[in-house]
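*Asks:* Following this message is one structure expressed as structure tokens.
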Amino acid sequence: MLILATKTMLKTALEDQRPYQGDAFSILFMTLSSDKVFCFVEKDKVQGVVSFGEVNGRLYVYELVTLTPYQKQGVGRKLLLKVALEAMKKRIGIIELSPLSSSISFYQKLGFENAGYFINTPRRLMRKIKQSFHLTPQEFSDMIRQFN
């Protein structure tokens, strides 16, 4: 079981976790109390995790962690794409988060705007992710199908 408390605790839990036995590429879904967690798994290794929950009619991202060896490889963007798809399924129009100052530029590149906290809409986030991966509409559709 993954305990979500601090990034340090989450990273430790990920690093200690045994390899996932299954497909070469998967996004696993777990529910921990009222929070939801997606784990990005590739080549039998958990590479990143996003935890989120519904707060006041918005989807709030609590943690987005990509393990150091897998940073800058699109793992965080793929996890946020899954969060955007969840928001759309639930007809939630705003995704909100409070990033560390070191990660603000990452979120801004994905269209998040500073409103005292950072917000975005699911559709805008999906559009920015598509652009950041330089995907054709068909490639993007194929990627979305993988995550549903």
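*Asks:* Filter segment 77-113 down to residues that are of a type in the set (D, E, K, R) and outside any loop (DSSP other than H, G, I, E, B) and give me whichever is nearest to Phe38 (Cα to Cα).
*Replies:* Just the residues of segment 77-113 that are of a type in the set (D, E, K, R), to begin with: 77-78, 82, 86, 89-91, 96, 109, 113.
Keeping just the survivors that are outside any loop (DSSP other than H, G, I, E, B) gives 77-78, 82, 86, 89, 96, 109, 113.
Numbers: Arg77: 12, Lys78: 10, Lys82: 8, Glu86: 11, Lys89: 15, Glu96: 17, Lys109: 21, Glu113: 23 Å.
Among those that are of a type in the set (D, E, K, R) and outside any loop (DSSP other than H, G, I, E, B), it is Lys82.
*Asks:* Now, a different point. Would you confirm, using the coordinates I've provided, whether Gly57 is within 19 Å of Asp35 (Cα to Cα) and either at pLDDT below 90 or surrounded by fewer than 13 Cβ atoms within 10 Å (Cβ to Cβ) (or both)?
*Replies:* Details: within 19 Å of Asp35 (Cα to Cα): yes; either at pLDDT below 90 or surrounded by fewer than 13 Cβ atoms within 10 Å (Cβ to Cβ) (or both): yes.
Criteria met by Gly57.
*Asks:* If you don't mind, another one. From the list Glu96, Glu86, Glu63, exactly one residue is closer than 20 Å to Glu42 by Cα and under 13 Å from the mean Cα position of the chain (by Cα). Which is it? Steps first, answer last, please.
*Replies:* On the way: Glu96 fails: closer than 20 Å to Glu42 by Cα; Glu86 fails: closer than 20 Å to Glu42 by Cα.
Residue meeting the stated conditions: Glu63.
*Asks:* Going by the structure shown, is Gly22 modelled with pLDDT of 80 or more, outside any strand (DSSP E or B) and of a type outside the set (Lys, Arg)?
*Replies:* Details: modelled with pLDDT of 80 or more: no; outside any strand (DSSP E or B): yes; of a type outside the set (Lys, Arg): yes.
No.
*Asks:* A follow-up question, please. Given the criteria in contact (Cβ under 8 Å) with a residue 24 or more places away in the chain and out of contact with any Lys or Arg (no Cβ under 8 Å at 6 or more places or on another chain), does Leu135 qualify? Can you show your working first?
*Replies:* Numbers: in contact (Cβ under 8 Å) with a residue 24 or more places away in the chain: no; out of contact with any Lys or Arg (no Cβ under 8 Å at 6 or more places or on another chain): yes.
Considered against the rule, which asks whether it is in contact (Cβ under 8 Å) with a residue 24 or more places away in the chain and out of contact with any Lys or Arg (no Cβ under 8 Å at 6 or more places or on another chain), Leu135 comes out as no.
*Asks:* Considering segment 125-142 alone, what residues qualify as being modelled with pLDDT of 85 or more and buried (at least 17 other Cβ atoms within 10 Å of the Cβ)?
*Replies:* Leu125, Met126, Lys128, Ile129, Lys130
The values are calculated or read from the model by the stated rules, or taken from the named source; none is laboratory data. Predicted, not measured: the structure shown is a model, and the values here were computed from it. Backbone-built Cβ (ideal geometry, glycine too); neighbour counts: all protein chains shown.
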